[in-house]
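Reviewing the structure listed below.
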Protein chains: 2
Amino acid sequence: MPKVNLEDKIKEIEQPWSPIEVARANDQVVRMALVKGEYHWHKHSNEDELFYVLKGSIVIQIENHPNIDLHEGKLAVIPKGVEHCPKSSEEAYILMFEPYSLRSGGD
Amino acid sequence: MPKVNLEDKIKEIEQPWSPIEVARANDQVVRMALVKGEYHWHKHSNEDELFYVLKGSIVIQIENHPNIDLHEGKLAVIPKGVEHCPKSSEEAYILMFEPYSLRSGGD
């Protein structure tokens, strides 16, 4: 039963938009990503996606809805089927809690 | 799509060992609890449980294994079926990521 230090995990990340696996439990996974710049619009047809901001701030753009400004220590759940596109002008580190089946780039 | 501020959630907690729901996604739930003193030994037969320390430090006692000392910013997964008992001499706030079906007190 290994411990995971999130500060150490941050050091493993070399580039934005390339999530690394932090932990697995049941059929779920915790992934960490560096957010910098803008991702692409996408959705996950079958999976909700939970975003938690560990460091910095991000904006999650949502189709036909106001943006979600998500600051450090805050979380939000993007329901399945909802088109979204995260972005950040500064570097930010996030955790995503999601089914292992979820493909970060969308489907 | 509401945002959740974990600092605000901390203020909602009035007593130890009484988890509150922070978010739900898919068939999973994020629960927050105040840890102070010692819980009881228990296990979850069918669910892994992910512990993340938001504030302070906890110790997770594990049957037939060394204790897991879990400090702020660290996480660990207790596999299904493993008897465990969290404790903390000082107040600590944790998040638990787990299937909604999981009963915090064990089964």
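What does the C-alpha gyration tensor say about the overall shape of chain B? Classify as rounded when a/c is under 1.5, otherwise prolate if a/b is larger than b/c, or oblate.
Since a/c reaches 1.5 but b/c is at least a/b, the shape of chain B is classed as oblate.
The accessible area of A:Asp8, taken with all protein chains in place and a 1.4 Å probe, comes to roughly 80 Å².
Run through the range A:1-87 and list the chymotrypsin sites (Phe, Trp or Tyr not before Pro) located in a DSSP loop whose Cβ has at most 14 other Cβ atoms within 10 Å. Can you show the working numbers first?
On the way: sites: A:Trp17, A:Tyr39, A:Trp41, A:Phe51, A:Tyr52; in loops: A:Trp17, A:Tyr39, A:Trp41.
In loop regions of the range A:1-87 (DSSP not H, G, I, E or B), the sparsely surrounded chymotrypsin sites (Phe, Trp or Tyr not before Pro) are A:Trp41.
For A:Glu91, the point set 7 Å out from Cα toward Cβ sits 3.4 nm from its twins in the other copies, listed from shortest up. In this rough spin-label picture, where each label sits 7 Å from Cα along the Cβ direction, the B:Trp17-A:Glu83 distance is 5.1 nm.
For A:Ser57, B:Ser104, give me the order by solvent-accessible area with a 1.4 Å probe, most accessible first, ignoring ligands, DNA and RNA. Show your work: numbers first, answer last.
On the way: A:Ser57 50, B:Ser104 30 Å².
Correct descending sequence by accessible area is A:Ser57, B:Ser104.
With a Förster radius of 45 Å applied to the C-beta separation of B:Glu38 and A:Asp69, the computed FRET efficiency comes to 0.65.
Mean separation of Cα pairs under 8 Å and 6 or more residues apart, divided by the residue count, gives chain B a relative contact order of 33 percent. Accessible area per residue was computed with a 1.4 Å probe on protein heavy atoms; A:Glu90 scores about 130 Å². The aspartates and glutamates whose alpha-carbon is closer than 13 Å to the alpha-carbon of B:Lys36, local same-chain residues fewer than 8 away aside, are B:Glu14, B:Glu90, B:Glu91.
Classify the range A:61-107 as rounded, prolate or oblate from the Cα gyration tensor: take a ≥ b ≥ c as the square roots of its eigenvalues, call it rounded if a/c is under 1.5, otherwise prolate when a/b beats b/c and oblate if not.
Note, shape of the range A:61-107 comes out oblate.
For the pair the range B:1-61 and the range A:68-94, the centres of their Cα atoms are 22 angstrom apart. Spherically averaged projected area of the convex hull of Cα atoms, the protein assembly as shown: 11.2 nm².
The values are calculated or read from the model by the stated rules, or taken from the named source; none is laboratory data. If you're wondering where the values come from, they're calculated on a predicted model, not measured in any experiment. Because the Cβ atoms are built from the backbone with ideal geometry, glycine has one as well, and the counts that use them run over all protein chains shown. For accessibility, only protein heavy atoms count, side chains too; no ligands or nucleic acids. Shrake-Rupley method; radii C 1.70, N 1.55, O 1.52, S 1.80 Å.
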